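Below is one structure; the comments refer to it alone.
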Amino acid sequence: MPDALAADHRAAFAADVRDGLARAQKAIPSRWLYDAHGSALFEQITQLPEYYPTRTETAILRQMAGTIAAQVGRGATLVEYGAGASVKTRILLDALDGLAAYVPIDVSAAFLHETARGLRTDYPALAVEPVVADFLAPIALPAALHGTGPRLGFFPGSTIGNLSDAEIVAFLGRARADLGPGAQFILGADLKKSPAILIPAYDDATGVTAAFNLNLLTRINRELAGSFDVSAFRHEARWNDDASRIEMHLVSTADQTARVGDGLFAFPAGETIHTENSRKFTIDGDLAEDCAHAGWTIEDRWTDAASLFAVLLLRAG
């Protein structure tokens, strides 16, 4: 990451941590969970038996890849927001006809460039143009891609559920502007279901999700001169029925204080830092409404037999 970008990135991280820890309900945006180690831990989470979203969405994409490719057409540029190293991207890379370029966008520079190197090796004829950026902010696509064929956005997983309605509308609206008129967008969305399925998916028996959540404190200590005693916090996943979401929290197990830079923050025993939301949707309710407000229509949809997860194909209006 260039020095100026790295400095801006650290300043944004510091501001979010300071502001979040000063709130009555302490909270830090979930995007900061994904440094290189956090991203690697999340990839481990996607392989856990309790974590159904990845395997379910992957199965849908494999089953419908040919249909998606036919609806997208030849020569598209694939732009993935919040890119990972999962097989879901490769399903599309293999299926899309005459793909012109792949543009992965992610805030974790090291993880992103490592993924890009692997894809260039496996797809030597494909232009892979990674962009280090926060997908919640305006993004400038590589100039070399202007004037190419159809644009296809890709936002898999349940990441859309990390966002509020206002953030979803803003994100999808910016993506529509990024991709241009007539663009299409493949969106993964987790559907409403029993908390008996949801809670274990976000608090696995082997503790990988706990390590993922606690890594945020380790990152603060390393990058922001923090003094958190990571062992004095525990991971907790909660179901918020009113908001239809899973919440991840870091719970203080003792009365303690922690320094972040020049700031000192008190944590009574039992107080939490709210680190992530994962909303669960109804397709024709809140999700369709948010898409419409951002200028997209739902062109097609596919779900698994148990209706755990949905893959949507949107078109810019």
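Tabulated data
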item	result
Among (1) surrounded by fewer than 21 Cβ atoms within 10 Å (Cβ to Cβ); (2) modelled with pLDDT of 90 or more; (3) of a type in the set (D, E, K, R) - the single one Arg151 does not satisfy	(1)
Given (1) buried (at least 19 other Cβ atoms within 10 Å of the Cβ); (2) out of contact with any strand residue (DSSP E or B) (no Cβ under 6 Å at 6 or more places or on another chain), number of the condition Tyr202 does not satisfy	(2)
Condition check for Ser164: outside the structural domain of Ala243 (by TED's automatic domain parsing) and surrounded by 19 or more Cβ atoms within 10 Å (Cβ to Cβ)	no
Pairs where the first residue, in the range 191-213, is closer than 15 Å to Val251 by Cβ and the second is surrounded by fewer than 18 Cβ atoms within 10 Å (Cβ to Cβ) and aliphatic (A, V, I, L, M), C-beta under 9 Å, 6+ apart	Thr209/Leu48
Residue that is surrounded by the fewest Cβ atoms within 10 Å (Cβ to Cβ) [pool: residues in the range 97-125 that are without any contact (Cβ under 8 Å) to a residue 60 or more places away in the chain and closer than 22 Å to Arg55 by Cβ]	Asp122
Index of the failed condition, Leu172 passing every other in (1) surrounded by fewer than 17 Cβ atoms within 10 Å (Cβ to Cβ); (2) assigned to a helix (DSSP H, G or I)	(1)
Counted residues, the range 178-206 - those being at pLDDT 95 or above and either under 16 Å from Leu33 (Cα atoms) or in a helix (DSSP H, G or I) (or both)	9
Residue within the range 61-69 that is crowded, with 19+ Cβ neighbours inside 10 Å, within 23 Å of Phe185 (Cβ to Cβ) and not hydrophobic (A, V, I, L, M, F, W, C) present	no
Selection status of Asp35, of a type in the set (D, E, K, R), in contact with a Lys or Arg (Cβ under 8 Å, 6 or more places away or on another chain) and more than 23 Å from Leu198 (Cβ to Cβ)	yes
One residue from Ile105, Ile60, Ile45 being more than 24 Å from Thr209 (Cβ to Cβ) and of a type in the set (Val, Ile, Thr)	Ile105
Scope the range 10-51; condition of a type in the set (Lys, Arg) and either at pLDDT 95 or above or within 15 Å of the chain's Cα centre (by Cα) (or both); matching residues	Arg18, Arg23, Lys26, Arg31
Pair list, Cβ under 8 Å, 6 or more apart: the range 176-187 residue in contact (Cβ under 8 Å) with a residue 60 or more places away in the chain, other residue among the polar types (S, T, N, Q)	Gln184/Gln71
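The values are calculated or read from the model by the stated rules, or taken from the named source; none is laboratory data. It should be emphasised that the depicted structure is a prediction, and the values quoted were computed from it without experimental measurement. Cβ sites come from the backbone with ideal geometry, for glycine too, and all protein chains shown count toward neighbours.
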